[in-house]
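Please treat every number below as a calculation from the coordinates, not as lab data. Bear in mind that the values here come from a model prediction, so they are computed numbers and not experimental data. As a convention, Cβ positions derive from the backbone with ideal geometry for all residues, glycine included, and neighbour counts pool all protein chains shown.
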Amino acid sequence: MMFWSVLLFAHMLLAVTLLGAITHQAVSVCWPNRDRAKSFIGAFRGVNGMTYTNAIIILFVCTAILGSIIYPNYRLNVRTVLQELKLHKPEGSFELKEHAVAIGAALLPAYWYFWRTASGDESRATRTGVTVLLAVIVWWAFLVGHVVNNIRGFGA
Amino acid sequence: MKLARLFPVFSASFAVIYAPALYYNWALMTYQPAMVEWDFGPVTKSGPPMYWYGIVATSFIGACIVTAIAALLPDAAARRLWSGLTWLLPAAALAFIAYILRPYFLS
């Protein structure tokens with residue numbers, strides 16, 4: 001039990017870091033700002049999104065790998081409880097999360113490709129679309145994981 | 001950098017293959033967590049079967065095949081494709097998956 005709790009905790013910490021990084025990058029690409037000094041929001045928007053790319057890819061892959069290791073435990077010990085308690089919405093949300101993460105992981109090569117040459121304007125719209133989709137997937141996965149953990153998580 | 005040019009093809013085709021693979025359960029293998037066993041193809045035994053790993057494997061292999069075929073296309077033909085499909089197709093696949101999971105949210 002302790003082993004799985006430690007893995008789950010590491011999974012959560014990586015997810016929090018990933019969430020912060022992808023949110024920063026998504027905001028900076030959707031709502032860019034050159035003048036960083038004026039306000040907190042301006043500084044948040046004004047980061048160089050390109051510098052986040054490799055970190056986001058590594059964090060996404062590490063978080064997904066940890067999640068896929070924990071996943072059988074969820075299937076045996078958590079999902080069965082959700083079904084017994086007829087908590088269909090959290091169960092369905094988790095189903096969607098696992099598929100979204102798989103599609104998100106496959107999106108990473110394209111994400112890297114469009115951020116590789118981020119200076120050009122020709123792929124800006126696509127870069128924005130890919131980044132926002134990845135951010136939506138990460139937010140969904142994080143929120144659903146958090147809710148399911150609250151229902152039956154650490155030490156349960 | 002020809003290989004990198006194919007990355008968007010891989011990403012989009014993975015999502016396009018993943019959605020029907022999930023719907024029709026084209027899982028390459030099944031993990032039985034209660035018995036700690038792997039089976040080839042979609043198999044149901046005692047305990048809950050896990051098709052997810054198999055569906056990911058099917059989609060990965062399918063996307064690799066599509067990408068290999070795309071590598072044979074001339075650059076001019078590839079450039080004619082709209083790059084926005086890279087995010088639009090995965091987004092559409094996710095919308096389809098949400099649709100097939102709707103019984104969870106309507107019950």
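The mean sequence separation of alpha-carbon pairs under 8 Å and at least six residues apart, normalised by the residue count of chain A, gives a relative contact order of 31 percent. Its Cα centre serving as origin, chain B has a Cβ charge dipole (Lys and Arg +1, Asp and Glu -1) of approximately 360 debye.
Look at the stretch A:124-136: the mean tally of other chain Cβ atoms within 10 Å of its residues' Cβ atoms is 4. Projected onto planes of every orientation and averaged, the convex hull of the alpha-carbon atoms in chain A covers 9.8 nm². Please work out, to two decimal places, the log10 of the ratio I(q)/I(0) at q = 0.10, 0.15, 0.17 Å⁻¹ from a Debye calculation in which every Cα of the protein assembly as shown carries one identical scatterer. Those come out to -0.54, -1.14, -1.38, one per q. Peptide B:4-17 shows a mean partner chain C-beta count of 5 within 10 Å per residue C-beta.
Distance between the 7 Å Cα→Cβ label points at B:VAL43 and A:LEU85: 3.3 nm.
When each of the peptides B:96-107, A:104-115 is scored by how many other beta carbons lie within 10 Å of its residues on average, the order from highest to lowest is A:104-115, B:96-107. Close Lys pairs in the protein assembly as shown, defined as Cα atoms under 27 Å apart and 8 or more places apart or on different chains, number 5.
Partner shielding of A:68-80 amounts to 3, given as the average count of beta-carbon atoms from other chains within 10 Å of each residue beta-carbon.
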